[in-house]
Protein chains: 4
Amino acid sequence: MTTSPVTVRAVDAPGHPTPSPELEQLYRGFERELLVPLWTEIGDLMPTSPRPAAAAHVWRWQRLLELARESGKLVPVGRGGERRAIALANPGLGGAPYATPTLWAAIQYLNPREDAPVHRHTQHAFRFVVEGEGVWTVVDGDPVAMRRGDFLLTPGWCFHGHHNQSDTPMAWLDGLDIPFVHTTGSAFFELGPDSVSDHSTPARSRAERLWAHPGLRPVSQPGPAVSSPIAAYRWEHTDAALADQLELEADGFPGVLEPGHAAVRFSNPTTGGDVLPTMRAEMHRLRAGTRTATRREVGSAVWQVFDGAGAVRLGEREWPVERGDLVAVPSWVPLTLTARTELDLFRFSDAPIFERLHADRVQIEGEQA
Amino acid sequence: MTTSPVTVRAVDAPGHPTPSPELEQLYRGFERELLVPLWTEIGDLMPTSPRPAAAAHVWRWQRLLELARESGKLVPVGRGGERRAIALANPGLGGAPYATPTLWAAIQYLNPREDAPVHRHTQHAFRFVVEGEGVWTVVDGDPVAMRRGDFLLTPGWCFHGHHNQSDTPMAWLDGLDIPFVHTTGSAFFELGPDSVSDHSTPARSRAERLWAHPGLRPVSQPGPAVSSPIAAYRWEHTDAALADQLELEADGFPGVLEPGHAAVRFSNPTTGGDVLPTMRAEMHRLRAGTRTATRREVGSAVWQVFDGAGAVRLGEREWPVERGDLVAVPSWVPLTLTARTELDLFRFSDAPIFERLHADRVQIEGEQA
Amino acid sequence: MTTSPVTVRAVDAPGHPTPSPELEQLYRGFERELLVPLWTEIGDLMPTSPRPAAAAHVWRWQRLLELARESGKLVPVGRGGERRAIALANPGLGGAPYATPTLWAAIQYLNPREDAPVHRHTQHAFRFVVEGEGVWTVVDGDPVAMRRGDFLLTPGWCFHGHHNQSDTPMAWLDGLDIPFVHTTGSAFFELGPDSVSDHSTPARSRAERLWAHPGLRPVSQPGPAVSSPIAAYRWEHTDAALADQLELEADGFPGVLEPGHAAVRFSNPTTGGDVLPTMRAEMHRLRAGTRTATRREVGSAVWQVFDGAGAVRLGEREWPVERGDLVAVPSWVPLTLTARTELDLFRFSDAPIFERLHADRVQIEGEQA
Amino acid sequence: MTTSPVTVRAVDAPGHPTPSPELEQLYRGFERELLVPLWTEIGDLMPTSPRPAAAAHVWRWQRLLELARESGKLVPVGRGGERRAIALANPGLGGAPYATPTLWAAIQYLNPREDAPVHRHTQHAFRFVVEGEGVWTVVDGDPVAMRRGDFLLTPGWCFHGHHNQSDTPMAWLDGLDIPFVHTTGSAFFELGPDSVSDHSTPARSRAERLWAHPGLRPVSQPGPAVSSPIAAYRWEHTDAALADQLELEADGFPGVLEPGHAAVRFSNPTTGGDVLPTMRAEMHRLRAGTRTATRREVGSAVWQVFDGAGAVRLGEREWPVERGDLVAVPSWVPLTLTARTELDLFRFSDAPIFERLHADRVQIEGEQA
C-alpha cells in the first residue's frame, strides 16, 4: 500500500530527463528564478497514499509531570511567557512544538494560588483533566471549574486566564490548533489584564447553567454558534454516557462503536457538529480484553489514556500505555487499541478540517474502503 | 394595522370594473371555465398583514378531561379508530379538527391495562404530559415512559403504539402536524401489529440512554437526523434548565428571554434545530407577577398551562388560565402573558415551516420591526 | 393504492364505539366544547397515501385568452384591483382561485400602453411567457423585458409593476404561492406608486447583466440569496440547454432525464437550489413520439405546454394538449406525458416546501420506491 | 501592527525564567523527552497578527516561458515525471515548490502532438490560459479545449491527461492545493493509462453542454456537488461579465467591487460557492488609472496578469507587472493594485479553507475592521 510507483526515478524512466550539461544548466536556471520542477518532486509531493513527516510516538505522563513540576519551581507564570505549558514535539517535525502537523498538545502546570494572565487568540483551545482539581479557567469572564475527567473549551478569540485556588499544584492537558494556524498564517493575539479579575469558585459555570441540559437550549439564543457554548463537559455525564452504551450492548441493543468499545463525541449543541471548527474531541471506553478493529483515517490525532492500562499499535509498532500517556497518531497510520483492564481514552483530532473540505477518508479493517 | 387599503371595492375604484351586463356575462364565462378573477379577491387573498381564518380560543382542561373520561367508558381503543383522541376544533376553521391551520392538538386517554394499536404515518407527533403517569409509548420498538412534565417524540414514519401498565387511566396532550399534511397532500399511513409487542416498563428509553447526555453524542451515529433522536425530554432536566435561567437573572447575568421570563426550546442534538421538521416545542416559566412583552409572529401556536395560574391576552381579549388549559394563537395575533402565580407553560408552533421557507417574521412590543 | 384499510368504520370494528344515547350525548358534548374525535375522522385525515381534495384538470389556453381579451375591454387595471389576472380554480377546491392547494396560476393581460400599479407582497411570484412580447416588468426599479419563452422572477417583498410599451396587448402566465401563504397565514402586502416610474425598455435587465453569466458571480455580492437574483431566464439559453441535452443523448452520453426527455431546472446561482423558497420551475422537452415513465410525487404541480402537441395522462384519464394549455397535477397523482410532435413544457411545483421539510417522496414506474 | 508585545523576552520579564544551571538542565530534559516549552516560542507561534514565513514575490512570465521552452527540449513528458510543470518556489519557504504555504502554481508546457499521461489525485487542480491554444485536457473522459482566457477545472480524484493536437507548443498556469494537502497529510494518487484514449477535439466539453447555461441545471443531476461540474469557464463569458459590470457602473448602478474595479468569481452552480473546496478563483478588471483600496486578508493568494500593465504594491514594496507575471501574496500582507492601462488579472486563493473554518478576516483601507 505505501510504495508509490511514481517514486521510481530511474534515469531512463519515460517521464524523466537524461542527465546532461544542458539539463544541469536548466536546473540552475530554475534555482535562479525560484522555480522547482514537478518531475523531480512528484514522488514525495503526490504519494499513492499519505506519507506524513510526523511519526507515531508515545510520551509518558509521569515523565511529563516530573518536568512540569520542575518547571513549577524554575519558571514563573506571567505576562510575556503567558503560560507554563510544555508541548509535545513530534520527532518527525524537526523540533517544532507540534504533536502533529496540525495539533498542539501540552501539559500545563499551575502552582497553588497562581494566576495565568488573560489573553485571547484565534487559535482554538481546550483543556482535558487527567487528574487533580482546584483550578478555574475564566473564559470571557465566566469561571469554569476544572476537575478530573472534565473537558473544557476555550474557543478562538475568547479572553481567558486561569487561577489556582487550591493548596496543591494542578496539571492538565492543553489542546490547540497552533500548528495549523501557524502554517496557514491565521494567527491573531491580544493581551487582556495581567491577572484574572474574578477569583470566585463556582461549581458550575454560567455557560453550563445555560447550555448543559440535554437537548434543551435557551430560547434567548436561538442561532448556530461557530464553537460549542458548553464551557465544560463534566465527567459525570461522560462517564454515564459511556456506561449506558456498554449496558445497551449487554442488553443486545445498538449504540457502541464496535463490540466492547463505547465512544462519545463532545458536540456543539447548536449545530450537532464538532465542538470547535478545527478540532474533534471524543471519549472512548474499552471493556477489559477488547481489541479494536485496525483503523486509519486521513488527518492526525492525539490520544491520552484517562484510566486503565492497555496497548496502542501504530503501524508495525506497539506501545504499552497507562494513565496519562499521550500518543500521536499521524495521518493514515493504522491504529489498534487493546485493553488489558477496562480502558478509558480521551482523543482529539483535526477531522473537522478534512470533513469541511470533503477530504476525509476512513479505512477500517474488514470493511470495504 | 389590519385594515387593508386594497379591500376597498367601490364601483368607481380605478382597479375595479363598472357593473354591466357584459361584465356579468364575463363573470359567467369565468365560472364555466373554472376561473376566478384576482381583482375581486385580492383584498382577502393579499391583506396588508395576515388575517387568519382561525380564531384565538381557549379550551378548558377540566372540560376536556371530563369528556375524555366519558369517552373512556363508551369508546374502545382498537384497530380502525386507532386512538381515543379528541381534537381541538378551532371555531374559525369550519368544524375541522384543527387547532390552527397547521396544528393538531388533542387529549388522548388510555384506560388501565389498555393498548393503543401500532401504526405509523408521515405526520410528526409528540406527547406532552400535564399530569399522571403509567403509560409507555413504544416508538420503533423502544418503550418510553410517560410522566408529568415529560415531552415525548414520535417523529414521522416511526411505528408506535401505547400501553397503560398502571391501574389508573392516563390522559395527555398529543400534538401533530395533521392539518398541514392534510392540506398539502403528503399523508402516508401504515398499520403495524394490533397490539404492542413489548410491554416492559423501563424507567429510561434506549433512545435516552444513547442520546440524553448534555453535549455528548454516540460516535456510532455521527450524521444529522431529520428529527431529534431523543425520545423523551424529562421534566427534571427541563425544570432545572428553567430554574437555572431565573437564577442567572437573579445573579445579574443574561439568559432569560425577557425580565422574569425563562424559556427553553426542545432541540435536535444532531442539528441544534427544532425537534421535528414542522414543529417547534418550548417550555416557558414566568415569575409570579411577570407580564410579558406583547409579541406576534407569523405562524400559529398552541400553549398549554403546565402549572400555576395567570392570564392570556390575544388581541383585544383576555382569558384567565390555569393548569391544563389550552390556547390557540393564530398567525400574527398579538399575545401577552401575565403570571398571577409562578407560571409554567408548554408551547408548540409551526415556526420551523416558516423559518425553512424564509417567511418568518416576529414583532415585539417596543422593538423595531 | 387509494383504499385505506382504516377507512372501514363498521359498527363492530374494534376501534369504533357502539351507537347509543350516551354516545350521542358525548358527541353533543364534543360539539359544545369545539372538539372532534379522531376515531371518526382518521380515515380521511390519515389515508394510506395522499388523497388530495384537488382534482386533475386541464384548462385550454385559447379559452383563457378569449376571456382575458374580453376582460381587457371591460376591466381596468389600476389601484385596488391591482392586476388584470384571472386564476385557475381547481374543481376540487370549492371555488377558491387555487390551481392546487399551494399554487396559484393565472393568465395576466395588459393592453397597449397600460401600466399595472406598483406593490409588493410576501407571496413569491414568477411570469412565464407562452407568446408575445412588449411588456416590461419593473422589479425593485429594474425594468425586465418579457418575451416568448422567458421565465421571469418577482421574489417575495420586491416592489413591482408592469408596463406595456407596445401597440399590442400581451398575455402571460403568473405563478404564485398565494394559496399556501393564505392557508398558513403569512401574507403581507404594501402599496407602491400608482404607476411605474421607469418606462425605459432595455433589452436586458440590470440583474441579468450582473448575474446571467454561466458560473460567474459578482465578487461584490458574495453571499447566498433567499431567491434567485436572475430576474430573467431567457429562452435562448433554455432552448440551447434542452437542445444540448438531446444532442448529448444522441451522442451516447448521459444528461437527459430519461430517454427522449430533456429537462432543465431554473436555479438560484447563489445556492444551486430552487429559484424561490416555495416554488420549483423547470422546462421539459420531449422528442416526438416519446412517452415518459409514469411518475408521481408528493406535492402538486402545474404544467403549461410551451410548444408542440401531445397528451397528458393523470391517473385514469388522458387529455390531448397543445400550446398554452394548463394542467393541474395534484399530489401523488400518476402522470404520464406523450409527445405527438416535439413537445416543450413549462412546469412549476411546490416541491421546495416538501424537500425543506423532508416530506418529499417520488415514485417512478419501474423503479423501487 | 506587526510588533507583538509578547515577543519581548527580557530576562526579567514576568513570564520568563531567570537563566540558571537548573533551568539549563530542565531544558535538556525537555529535549530528551521531545518537548518544547511554550514560553520560549509564544512570540513566534502566537503573533498579534499573521507573520507568514512566505514572502511577497513576483515571477516574470517571460522568464518562466523561456525556461519552459528549454524544458520542452530537454525533459520528456511521460509516466513517472507525469507532467512538464515548473513550480514557483516562494523564497520564504526554504526551497519547497510552494507559491504560498497552501498553494501550488506552475507553468506547464506541452510540445506539439505530445500527451501527458493519465492519473488522478486528491489534490484539486485548475488550469488558467494566459496565451495560446491547441491542448485538450481530458477530465474523466471528457475532452476540454484550452484557449486564452479560459479557466478549466480538474477537481480532486478525477482522472485526467492532456494532449496537444496542434503544431505549436502550449504553456499555461496550473494551480493546485499541493502544499496544503502535503502538510496536512491527505494525498492519494492513482495512475491511469499512459496516454489519453480520446484525442478528439470538440469545441465544447460535454460538461459545458450540460452545465454552462446561466442559472439552468439538468434535472437529471439535482444534488449539490463538492466541486463545480463546469469543466471550462470560457473567456467570452468572463469578458462579457466584466464588461457588464463596468457598464453598470458607467450607468450609475451597483455591481463593481469598488470604483473602476470589476470582479467576478468562478462559482459552483450546484452550491453558489467556490469552484473547489480548497481554492477560490476570480477574474478582475481595472479601468486604466484605477488604484484599488489597500486590502489584506487571512490566507494567501496568487495573481496572474492576464492583460495590460500596472503595478502591484505588497506591504512596503511595489512591482511593475505586465502580461503573464505572477504574484504571491502571503497572508495578511496589504495589497494595492494600480492599472496603467486597462488591466485584467486572474486571482486564486485559499479563502475557502478559512471561510469553512470560520477563520476568515478581511481588512480594507478606510473601512472598519
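Worth pointing out:
- Scope the stretch B:289-308; condition over 24 Å from B:ALA106 (Cβ atoms) and open to solvent by 10 Å² or more (accessible area, probe 1.4 Å); matching residues: B:GLY289, B:THR290, B:ARG291, B:ALA293, B:THR294, B:ARG295, B:ARG296
- Of all residues in the stretch B:20-66 being touching a residue at least 40 places away in the same chain (Cβ under 8 Å), open to solvent by 10 Å² or more (accessible area, probe 1.4 Å) and under 21 Å from C:GLN25 (Cβ atoms), the one that is farthest from the chain's Cα centre (by Cα): B:GLN62
- Residues that are crowded, with 21+ Cβ neighbours inside 10 Å, at the interface with another protein chain (Cβ under 7 Å from one of its Cβ atoms) and of a type in the set (Gly, Ala, Ser) within the stretch B:203-221 comprise B:ALA212, B:GLY215, listed in sequence order.
- C:ASP194 vs. criteria surrounded by fewer than 17 Cβ atoms within 10 Å (Cβ to Cβ), of a type in the set (Asp, Glu) and either modelled with pLDDT under 95 or over 18 Å from the mean Cα position of the chain (by Cα) (or both): yes
- Hey, D:GLY324 touching a residue at least 40 places away in the same chain (Cβ under 8 Å) and more than 14 Å from chain A (Cβ to nearest Cβ) or not: no
- Condition met for C:LEU286 (among the hydrophobic types (A, V, I, L, M, F, W, C) and open to solvent by 10 Å² or more (accessible area, probe 1.4 Å)): no
- Taken as a whole, the stretch C:134-156 holds at least one residue that is open to solvent by 10 Å² or more (accessible area, probe 1.4 Å), closer than 19 Å to C:ALA105 by Cβ, small (Gly, Ala, Ser) and within 14 Å of chain B (Cβ to nearest Cβ).
- Just one of the listed residues (D:PRO224, D:PRO259, D:PRO229, D:PRO269) is in contact with a strand residue (DSSP E or B) (Cβ under 9 Å, 6 or more places away or on another chain), farther than 24 Å from D:GLU133 by Cβ, in contact (Cβ under 8 Å) with a residue 24 or more places away in the chain and open to solvent by 20 Å² or more (accessible area, probe 1.4 Å), namely D:PRO269.
- Filtering the stretch A:339-369 to residues that are among the acidic types (Asp, Glu) and at pLDDT 95 or above leaves A:GLU342, A:ASP344, A:ASP350, A:GLU355, A:ASP360.
- Of all residues making up the stretch B:70-114, the number that are outside any loop (DSSP other than H, G, I, E, B) and surrounded by fewer than 20 Cβ atoms within 10 Å (Cβ to Cβ): 4
- Hey, B:ASP167 open to solvent by 20 Å² or more (accessible area, probe 1.4 Å), in contact with a Lys or Arg (Cβ under 9 Å, 6 or more places away or on another chain) and not aliphatic (A, V, I, L, M) or not: yes
- Test: residue in the stretch D:269-279 that is more than 23 Å from D:TRP136 (Cβ to Cβ) and among the small types (Gly, Ala, Ser): yes
- Residue within the stretch A:309-322 that is within 15 Å of the chain's Cα centre (by Cα), closer than 26 Å to A:ALA87 by Cα and open to solvent by less than 20 Å² (accessible area, probe 1.4 Å) present: no
- Residue ID - most open to solvent (accessible area, probe 1.4 Å), chosen from residues in the stretch C:333-350 that are outside any strand (DSSP E or B) and farther than 12 Å from C:THR100 by Cβ: C:ARG340
- Pair list, Cβ under 6 Å, 6 or more apart: the stretch A:342-369 residue more than 8 Å from chain D (Cβ to nearest Cβ), other residue outside any strand (DSSP E or B) and among the hydrophobic types (A, V, I, L, M, F, W, C): A:GLU342/A:ALA288; A:PHE348/A:MET279; A:ASP360/A:VAL298; A:ASP360/A:PHE354; A:GLN363/A:ALA369; A:ILE364/A:ALA293; A:GLU365/A:ALA293
The values are calculated or read from the model by the stated rules, or taken from the named source; none is laboratory data. If you're wondering where the values come from, they're calculated on a predicted model, not measured in any experiment. Glycine gets a Cβ as well: all are built from the backbone with ideal geometry, and neighbour counts include every protein chain shown. For the accessible areas, the whole protein counts, side chains as well, though only heavy atoms, and no ligand, DNA or RNA atoms are used. Shrake-Rupley method; radii C 1.70, N 1.55, O 1.52, S 1.80 Å.
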